[in-house]
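J.: Please read through the structure below; I'll follow up with questions.
The values are calculated or read from the model by the stated rules, or taken from the named source; none is laboratory data. In this text, all values refer to a predicted model and were calculated from it rather than measured experimentally. Glycine gets a Cβ as well: all are built from the backbone with ideal geometry, and neighbour counts include every protein chain shown. Each accessible area value is taken on the protein alone, full model and side chains, heavy atoms only, with ligands, DNA and RNA left out. Shrake-Rupley method; radii C 1.70, N 1.55, O 1.52, S 1.80 Å.
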Amino acid sequence: ASPLVPTKAVVSTQSTGEVVEAVTIIETPPMIAVGVVGYIETPRGLRTFKTVFSQHISDECKRRFYKNWYRSKKKAHTRTAQKWADEDGQKSIESDFAKMAKYCTVIRVLCHTQPKLFKLKEKKAHIMEIQVNGGEVADKVTFARSMLEKPISVKDLFSENEMIDIIGVTQGHGFKGVTYRWGTKKLPRKTHKGLRKVACIGAWHPSKVCWSVPRAGQFGYHHRTEVNKKVYRVGTKGDAKSASTPFDLTDKAITPMGGFHHYGQVNEDFLMLKGCVMGPRKRVITLRKSLLVHTKRVALEKVNLKFIDTASKWGHGRFQTDAEKKAFMGLLKKDREAME
């Protein structure tokens, strides 16, 4: 998933009434399942036992196995495809799946993203393991096998009004001092050798700097997990009314006028989440089901979307759609020429 600039939505709930919330649109094209991994339990934790890849693996996924795709021979997983086509190879694959069902305790599916759907510079797919939960191990293996080479859509995993967790890397700011990094108070004006410092970093004894003392160092580009993000809308690809609501019947897509800042158009499936998301635009985000059993009203109540703001995020944003702008401002010269 790839995060965008926050936009605004008017939301009505039972507890808060009608409020304006900042929301984030995350574009989520389908992922493709390309493998099954089985883990066994050992005294030192989980260990991979068997890994089975699918017969057809796209070049996007293969690029991940190379440092330099252009200069490589592009031979990754050619034997895997031969294994599926060969009779002896199929016997070995069936044997691997049978051993997984018999010995493994954890089954995970290898999935990769599809960068070609994002229209970004990146061509190399991200690969991750997604654990299959529930039921017997044999059922998990059968299910994981049935998913091979199939797209996994976001609407099959998440639903509206659900609380989910997001995992990602925050925006990097490089090496920063204590005033910026920790918000410590600046020293007086005439301080010797600078004033954006910590005046005393500790007592004589203990004769070491305590971990709780603010110090300069890396700020941002940290791995973070944020929990309990409410899903306001699950959008589908090609929906021309993805930003319409029962209270605002205007036909408008989720992309605002002029596009999202430093991103462009949203052409694939998307999620609308309440609040912000870590990291800059275009950075990959992992979405996860909530690990908690929710009991609070704010988590369980249904949200009524009344209005989604699609005005331009570049300027003051007076108009919600291109048609509305033309009705007020009149046609441009290029529009008149196109009509003739």
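J.: If residue 296 satisfies every condition in (1) farther than 30 Å from residue 225 by Cβ; (2) of a type in the set (D, E, K, R); (3) modelled with pLDDT of 90 or more but one, which is the exception?
T.: It is condition (1) that residue 296 fails.
J.: Further, regarding this structure: Within the stretch 165-208, which residues are open to solvent by 90 Å² or more (accessible area, probe 1.4 Å) and closer than 20 Å to residue 226 by Cβ?
T.: Result: 171, single match.
J.: Right, another one. Taking the stretch 312-330, which residues are open to solvent by less than 80 Å² (accessible area, probe 1.4 Å) and hydrophobic (A, V, I, L, M, F, W, C)?
T.: Within the stretch 312-330, 319, 323 meet the criteria.
J.: Let me ask another. How do the pairs read when you match residues in the stretch 78-102 that are over 23 Å from residue 138 (Cα atoms) with residues anywhere that are part of a helix (DSSP H, G or I), using Cβ under 8 Å and keeping only pairs 6 or more apart or on different chains?
T.: Going by the 8 Å Cβ cut-off, the qualifying pairs are 82/89.
J.: Could you tell me whether any residue of the stretch 69-88 is acidic (Asp, Glu), at pLDDT 95 or above and more than 23 Å from residue 275 (Cα to Cα)?
T.: No, there is no match, as no residue in the stretch 69-88 is acidic (Asp, Glu), at pLDDT 95 or above and more than 23 Å from residue 275 (Cα to Cα).
J.: What's the number of the only condition in (1) modelled with pLDDT under 90; (2) more than 21 Å from the chain's Cα centre (by Cα) that residue 62 fails to meet?
T.: Condition not satisfied by residue 62: (1).
J.: Filter the stretch 189-244 for residues that are among the polar types (S, T, N, Q) and over 18 Å from the mean Cα position of the chain (by Cα); which is nearest to residue 27 (Cα to Cα)?
T.: Out of the qualifying residues, it is 242.
J.: For residue 30, state whether it is open to solvent by 20 Å² or more (accessible area, probe 1.4 Å), modelled with pLDDT of 95 or more and under 30 Å from residue 298 (Cα atoms).
T.: When the stated conditions are applied, residue 30 passes them.
J.: When the residues of the stretch 272-308 are filtered to those that are among the hydrophobic types (A, V, I, L, M, F, W, C) and within 20 Å of residue 116 (Cβ to Cβ), which remaining residue is nearest to the chain's Cα centre (by Cα)?
T.: Filtering first and then ranking leaves 285.
J.: Give just the number: which of (1) among the small types (Gly, Ala, Ser); (2) part of a helix (DSSP H, G or I); (3) at pLDDT below 90 does residue 327 not satisfy?
T.: (3)
J.: Also, I was wondering about something else. I want to confirm something. Restricting to the stretch 55-68 and keeping residues that are under 19 Å from residue 96 (Cβ atoms) and touching a Ser or Thr at 6+ places or on another chain (Cβ under 8 Å), which single residue is least open to solvent (accessible area, probe 1.4 Å)?
T.: Restricting to residues being under 19 Å from residue 96 (Cβ atoms) and touching a Ser or Thr at 6+ places or on another chain (Cβ under 8 Å), the top hit is 57.
J.: Could I ask something else about it? Output the qualifying pairs, or none if there are none: Cβ atoms under 8 angstrom, residues six or more apart or on different chains, first residue in the stretch 49-62 and within 19 Å of residue 124 (Cα to Cα) and without any contact (Cβ under 8 Å) to a residue 60 or more places away in the chain, second residue open to solvent by less than 40 Å² (accessible area, probe 1.4 Å) and part of a strand (DSSP E or B).
T.: 53/34; 53/35; 53/110; 57/34
J.: Since residue 36 meets every condition but one in (1) modelled with pLDDT of 85 or more; (2) assigned to a loop (DSSP other than H, G, I, E, B); (3) more than 17 Å from residue 266 (Cβ to Cβ), which condition does it not meet?
T.: (2)
J.: Which one is nearest to residue 324 (Cα to Cα) among residues in the stretch 227-253 that are open to solvent by 60 Å² or more (accessible area, probe 1.4 Å) and basic (Lys, Arg)?
T.: 241
J.: I'd like to check something: does the stretch 85-105 contain any residue that is open to solvent by less than 70 Å² (accessible area, probe 1.4 Å), hydrophobic (A, V, I, L, M, F, W, C), under 28 Å from residue 263 (Cα atoms) and part of a loop (DSSP other than H, G, I, E, B)?
T.: The answer is no; no qualifying residue exists.
J.: May I pose another question? Would you please name the residue that is most open to solvent (accessible area, probe 1.4 Å), looking only at residues in the stretch 299-311 that are in a loop (DSSP other than H, G, I, E, B) and either in contact with a helix residue (DSSP H, G or I) (Cβ under 9 Å, 6 or more places away or on another chain) or among the β-branched types (Val, Ile, Thr) (or both)?
T.: Among those residues, the one meeting the criterion is 303.
J.: State which residue is least open to solvent (accessible area, probe 1.4 Å) when the search covers only the stretch 113-164 and only residues that are in contact with a Lys or Arg (Cβ under 8 Å, 6 or more places away or on another chain) and in a strand (DSSP E or B).
T.: Checking each candidate, the answer is 164.
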